[in-house]
Amino acid sequence: MKNDKVLSLIGLAERSRNVVSGEFSTDKAIKEYKAKLVIAGSDASDNTKKAFRNSCNYYKIPYYEYSTKEELGHGMGKELRAVLAITDEGFAKSIMKLLND
């Protein structure tokens with residue numbers, strides 16, 4: 001049930017244009033301080049997860065590993081997505097609250 005709520009919020013954020021996805025776009029959002037939360041699929045490659053974990057630590061952005069690449073992409077209405085960034089503070093706080101429960 002919690003799984004559905006997180007993916008639903010990601011979908012809502014996507015429809016309101018508050019999500020960037022894909023490695024290049026997410027990395028750019030982190031470096032421009034636009035990302036408020038970064039989520040990587042738990043089945044993403046170890047190199048991808050390490051790179052984004054380190055980048056988020058450096059820029060002090062919350063980082064979570066959640067669900068699978070397929071489910072993250074499906075939640076956004078797209079194909080596979082290994083990593084995504086939420087760019088809206090409100091959506092980020094709501095999703096983090098669910099992830100921390």
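The values are calculated or read from the model by the stated rules, or taken from the named source; none is laboratory data. Since the structure is predicted, the reported quantities are computational estimates derived from the model, not experimental observations. Note that we place each Cβ from the backbone using ideal geometry, even for glycine, and neighbour counts take in every protein chain shown. These accessible areas exclude ligands, DNA and RNA; they are computed on the full protein's heavy atoms, side chains included. Shrake-Rupley method; radii C 1.70, N 1.55, O 1.52, S 1.80 Å.
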| query | Around Leu37, which amide H atoms from residues at least 5 apart in sequence, or from another chain, sit under 5 Å from its own amide H, with H modelled in the peptide plane? | reply | Ile86
| Antiparallel bridge percentage (DSSP; both residues within the chain; nearest 5) | 70
| message | Could you derive backbone 3J(HN,Hα) for the range 48-56 from the dihedral phi with the Karplus parameters 6.51, -1.76 and 1.60 (θ = phi - 60°), listing whole Hz in sequence and x where the residue is Gly or Pro? | response | 5, 4, 5, 4, 6, 4, 5, 4, 5
| said: Tell me the mean residue ellipticity at 222 nm calculated for the chain from its helices only (DSSP H runs of n ≥ 4, each -39500 (n - 2.57), averaged over every residue, nearest 500). | reply: -17500 deg cm²/dmol
| query | If you rank Lys78, Lys93, Lys69, Lys49 by how much accessible surface each has, with a 1.4 Å probe, what is the order from largest down? | reply | Lys93, Lys78, Lys69, Lys49
| remark: Binned at 10 Å starting from 0, the alpha-carbon pair-distance distribution of the chain in whole percents comes out as 17, 57, 25, 0
| Taking the Cα centre of the chain as origin and charging only Cβ (+1 Lys, Arg; -1 Asp, Glu), how large is the dipole, in debye to the nearest 20? | 320
| Cross-link list Lys31/Lys60; Lys5/Lys34; Lys36/Lys93; Lys28/Lys50: which exceed 19 angstrom alpha carbon to alpha carbon? | Lys5/Lys34
| request: Please list Arg15, Arg53, Arg81 in order of solvent-accessible area, largest first, computed with a 1.4 Å probe with all protein chains present. | output: Arg15, Arg53, Arg81
| field | Note, ³J(HN,Hα) from phi for the range 24-41, Karplus 6.51, -1.76, 1.60, rounded to Hz, x at Gly and Pro | value | 5, 5, 5, 4, 5, 5, 5, 5, 8, 6, 8, 6, 9, 7, 10, 10, 10, x
| message | Are there any GluC sites (Glu not before Pro) in the range 1-91 that are in a DSSP loop and have at most 16 other Cβ atoms within 10 Å? List them by number. | response | Glu32, Glu79
| note | Along the range 17-22, Karplus-curve 3J(HN,Hα) (6.51, -1.76, 1.60; θ = phi - 60°) to the nearest Hz, with x for Gly and Pro, reads 6, 10, 10, 10, 9, x
